[in-house]
Amino acid sequence: MPLKSYTYYNKPVSIPKDYERLVKILIDARFAQSLSQESLAHKIGCATSLIHKWETGKRIPSGFMLMCWLDALNCEIEIKKIPQNRLP
């Protein structure tokens, strides 16, 4: 998936590679569970087109909808502190 940028409050915002990796993991999890975009959308309670937009990078889910997406696929996110030597 190519790096995308969005405009937020008139400032360009780049999508981090970590987010792209997360989306790829979620797509793989959906395939592993033999779920269609339609059946995933039904589990989450959103439109099928929204799942397509998330998976193709055309839209970014809100924090709440990301948690719904994770929950529907029985996934979770682990938060780790970035070591000081890796900070920009």
request  = Please list the radius of gyration and Dmax for region 5-75, considering alpha-carbon atoms only, with Å as the unit.
outcome  = 12.5, 40
remark   = Plugging the Cβ-Cβ distance of residue 49 and residue 81 into 1/(1 + (r/R0)^6) at R0 = 41 Å yields, to the nearest 0.05, a FRET efficiency of 0.65
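State the extension gain, in nm to one decimal, for the chain segment bounded by residue 36 and residue 71, taking 0.36 nm per residue of separation less the distance between their alpha-carbons.
11.0 nm
Every number in this text was worked out from the coordinates using simple rules, so none of it is lab data. All values reported here derive from a predicted model rather than from experimental measurement. Don't worry about glycine lacking a Cβ; one is built from the backbone with ideal geometry, like all the others, and counts go over all protein chains shown.
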